Structures are given as C-alpha cells and as structure tokens.
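Trainee: Could you have a look at this structure, given as structure tokens, before my questions?
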Amino acid sequence: MTSDAFNSSLRAYKEKGFFKELKILRGIERESLRVDKNGRISQKNHPKNLGSPLTNKNITTDFAEALVEIVTPPFESPEELFDNLNLLHRFVYSELDDEMLWNFSMPCAFTNEKEIRIAEYGNSNNGMLKHVYRKGLRLRYGSIMQCVSGIHYNFSFTKNSWKTLDKSSDQDYVNEKYLGMIRNIKRNFWFILEQFGASPVTHKSYLFDREHSLEKYNTSDLFLPYATSLRMSDVGYQSKIQDSLKISYNRLDDFINSLIKGIKTPVKKFNDIGMFDDAGIAQQISTGILQIENELYDIVRPKRSGPSGSRPATLLKKDGIEYLELRGIDINPFMPEGIDVNKIKLLDIYITHSLISESPLMLDEEINEIRANQKIMVSQGRLKNVMLRKNGNLVSLEELRKNFLTELEKTAEALDEYSEGYLKAFHIETRNKTLLSEKILADMDAEDLEFQDYALNHSKKIAKKFSPLDVKNFSTLKNSVQTSIQKLRNLEESSSMDINKYVELYNSKI
C-alpha cells in the first residue's frame, strides 16, 4: 500500500512530463584488490600498461598499490554504462599477467599489515599529497580496513530534467532537491543493505588486534549468522569519531560547515600521531577529525567535479551540488563486473523514488534512528521478524518492505516512460528470494570451504570469463594510458614545491 502523499507526488511528476523528458547520467567506481594465483595481495606495482593511476581517469588505485579502482565516465543508459564497465574490466585483465581481481568486498587473508603497500602516485605535488593522505589513513585506521572494496554509484539528473519541475531550476532549487534525495536515501538504506549486501563473512586476519562482536564461523573465519554487509558495519569502513560532527543534510551550508569543522577540529590521538614522521616529512594532511573532505565515511555524499587540487567543500559552496555519490554498495561476487544491468536499474529506481517522496528535514532523533536501523540491518538483516524504527515506532522489516516495494514498483512503471525495462528489472531483482549474503554462506557450506578458498576459487572462475582470447578493441583505452603517462611527466616537471609546503598550501585553501 502506498501513501496518499506518494501517489499524489508521483501523479504530479507525471503530469509535468518529468519522466518523458527525463535524462539521467550515471557512472560507476568499482574497487577490487589485485591478488596472485594463491589469493595473496599483490606485491607488484600498479601495471605500467594501465597508465598512471594519478592521471588515468578510467583506471586508478585507491588506498593500496594493489587496490585497483575502475572508473567509468557518465552514461545516459544503464546498458551503455554496463558495456563500458565490462570493457574496462577486460582491458585490466589483459594487462594483469598471472594476477587476478579479488571479486569480493571483504579482502583476502593477510599475514600482517606490512603486506599492504600504500599506493604511489609519483613525485608531482598532487601525487605526493594523495600518498600523504593514505599514510594518514594507515596511521588512523590501519591498512587492512582500507582494503575493503565496494561500488560507488554516481547519479545525476540533467538541467533539462529539473526544468520540467521548475522552469527556473536555479542551483539553489537543485541543491534542495538533491539534499532531499540524500535524506530519503538514508531513511531507506535498509533496502540497499538487504538487496546489495554481500559481505556476511570475513577471514579472521581482517580484524587483527581489533575489538569486535563477530562470531567464529570456522577456524579461519568470522561472521554474524544473519548479517548482510559487514563492510557497512562497525568493523567495516566506518569511523565512530566522525559521528561527533553531526553531519546534516538539511541545508548545504550546514553540510559544508560541518566538513570544514571536521578538518579544522584537532583530535588528541591524531595530534599524538603528529603531522610529520621522524624524518620531518608530512604523514597526515591534518590532525583534524577529517584530514580532507573525502575522509567522511557516509553512505551517500553530495559532489561537484572540479580541477585537480580543488577543495570539494569550496566547489560545493561556489557551484552547488552536481551529482550524488551512493557509496554503500557491496561487490556482487557472482557478477564479473561486481554489478549487472538489472541492479543498475534497481539503483535508478531507488534513487528516483527518493526524489519523488516527501523529504522533511531531519532532526537528531531521526538521525539516531537511522544509525540504529543500519546497525540492525548489517548484523541481523536476514533474521526473521527483524524490527526497525520509523518515526519513533517499532515496525517489522516485512511491513516496511511491503509498502516500500509497492512504491518502488510504481516508480519503475513510471521510469518505463523514460526508458523501457525498469519494471521488468524491478520484478527480476525483488522476486529473487535468495539474498546475496545468504547465497555466499550457503555456497560455502555446500562446498565445505573457508572464505579464503571459496573466494579464491570463485575469483579464478571470474578471471577466466575475461580471457584474453576474447579480443576487444582497446585502442581508445591504450591511447588514454599513453596520454596519462605523458600528463604525469608534465606534472612532475612542473612540480617543484616541497611536499610539506604543499600540504600547508592545500590546507590554506579551506
């Protein structure tokens, strides 16, 4: 059953021609560890034939030298996006030699943290800054947590799409709409955890010397029996200290001010680490709650693209929100690309629903409620009769799901006016009763395998699907590789500032 408010809003969007004139731009950033044939994290440098990770827009690295990040440009259709993602994967595999990508969100087994090499980006000012930031992450949170992989889904409506709703569609209007979408995405994040959660188990080495409440699954692994996404749990890519910022998505200025406060508010334990190492070289960008804006760990963030070296907070303040980055998506280990077209369409439906639905401002009580719901969903999301909170009341997940799916179905039906296939994709995805998190544990039980062996065997099968015998035209990507290498040379030749001074200059921009 859908609410009268939702039905009324959907009808208004249809009458304004929103869906007929709609144009969505979406892109994907997909992370994955490079491992050797034994499933150990690679000790090799980022392959030269993939270009410079600093200047190649399509293939870069995240925290670790072995943590590949595949980045698509934005596309107007889910099919085009997926085809490009597939092509990029094939190109990466063509240059990996005897290595492969670990096709799971939770990382491979580690012997110790020293196995994890921080990513290198050359000797340019920007490259050194990225390296210093990663040194800071290692000191703050440890290297192993930073090797968790996921998918970031970048999503925006074009200016003409906004004009169907408001003829002026000035940036203040667009900002308000995107912020309303963020609030609703957070309210209904339980759905993403249920549908996309694929990390219910991890090798015990992931939690070296860290306190946790996970249970033993076998002699090598830890899990929670009804977990959906350990990646999004307290032991995942999280930082409790950031909760003190009380990040608000009610007004853009409040969000930006909270980011700046996070960067400028020193933390004793980060102060104790120190800005500089024993050799006097910067090992953090700041000693604040956040080193930089991108250290904010949240399931969704407002974004604005800009020149290299720009401060995200400054770009948002000056030009407003350009797109949303949905970050809480696990790698689907059963898909070579980590996601497929139907799941891309399901994300479109989910995000569009967040626009259509009413989105009142969030008070502290609701923020706490959302945090509590996330903790329940990541740890107990597959438990029968699990209860969540909504508007201060306990509601069964079954009831929430029933109402929410009805609204999503109507959104999917409306999106078929924009591009056919949304309703079909919605039914395929939501009628599958076996969740990804459930299937992983069921398969491990059926095959009597520990996580390391199960994930390695599975990743090997995936790697074979990207056989180099399947010839593709990589000429454009190879040209991008050469262009990126030349750009790196140019940057390094023009970079002469001492890294400590450059960090100081970068901090002065906020």
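Trainee: With Cβ to Cβ distances under 12 Å as the rule, what net charge do the other residues near Phe189 carry (K, R +1; D, E -1)?
Mentor: Overall, the nearby charge balance is +3.
Trainee: Considering the dipole of segment 366-491 built from charges on the beta carbon (Lys and Arg +1, Asp and Glu -1) around the Cα centre, which of Ser480, Ile367, Leu394 is farthest to its positive end?
Mentor: With unit charges placed on the Cβ atoms, the residue in question is Ser480.
Trainee: Treating only the Cα positions of the chain as identical point scatterers, give the base-10 log of I(q)/I(0) from the Debye formula at each q in 0.13 Å⁻¹.
Mentor: Debye intensities relative to I(0), on a log10 scale: -1.46.
Trainee: What is the fewest-to-most order of Asp209, Asp445 by other Cβ atoms lying within 10 Å of their Cβ?
Mentor: On the way: Asp209 7, Asp445 11.
Ranked by crowding around the Cβ, least crowded first: Asp209, Asp445.
Trainee: Could you list, in their original order, any pairs among Lys268/Lys343; Lys177/Lys478; Lys48/Lys114; Lys114/Lys343; Lys20/Lys375; Lys433/Lys472 whose Cα atoms are separated by more than 32 Å? Please list the in-between numbers first.
Mentor: Numbers: Lys268/Lys343 43 Å; Lys177/Lys478 39 Å; Lys48/Lys114 23 Å; Lys114/Lys343 36 Å; Lys20/Lys375 39 Å; Lys433/Lys472 36 Å.
Cα-Cα > 32 Å for Lys268/Lys343; Lys177/Lys478; Lys114/Lys343; Lys20/Lys375; Lys433/Lys472; rest within.
Trainee: Also, I was wondering about something else. Quick check: net charge around Ser220, other residues with Cβ under 11 Å of its Cβ, Lys/Arg +1 and Asp/Glu -1?
Mentor: So the environment of Ser220 carries a net charge of -1.
Trainee: If you don't mind, there's one more thing I want to ask. Just to confirm the filter: which trypsin sites (Lys or Arg not before Pro) across segment 401-471 are DSSP coil and have at most 11 other Cβ within 10 angstrom of their Cβ?
Mentor: The qualifying sites are Arg431, Lys433.
Trainee: Of the GluC sites (Glu not before Pro) in segment 306-395, which ones lie in a loop per DSSP and count no more than 12 other C-beta atoms within 10 Å?
Mentor: Glu358
Trainee: Taking loop as defined by DSSP and a crowding limit of 16 other beta carbons within 10 Å, which chymotrypsin sites (Phe, Trp or Tyr not before Pro) in segment 305-368 fit?
Mentor: The qualifying sites are Phe334.
Trainee: What ranking of Trp102, Trp190, Trp162 emerges when the number of other C-beta atoms within 10 Å of each C-beta is taken as an exposure proxy, fewest first? Working shown, then result.
Mentor: Working: Trp102 29, Trp190 24, Trp162 20.
With the sparsest Cβ surroundings first, the list reads Trp162, Trp190, Trp102.
Trainee: Please state the relative contact order of segment 4-508 as a whole percent: Cα pairs under 8 Å, 6+ residues apart? Please report the intermediate quantities before stating the final value.
Mentor: Details: 861 pairs, mean separation 118.7, N = 505.
The normalised contact order for segment 4-508 reaches 24 percent.
The numbers here are math on the coordinates, done by the rules we state, and not lab data. All of these numbers come straight from a predicted model, not from anything done at the bench. Note that each Cβ is placed from the backbone with ideal geometry, even for glycine, and that neighbours are counted across all protein chains shown.
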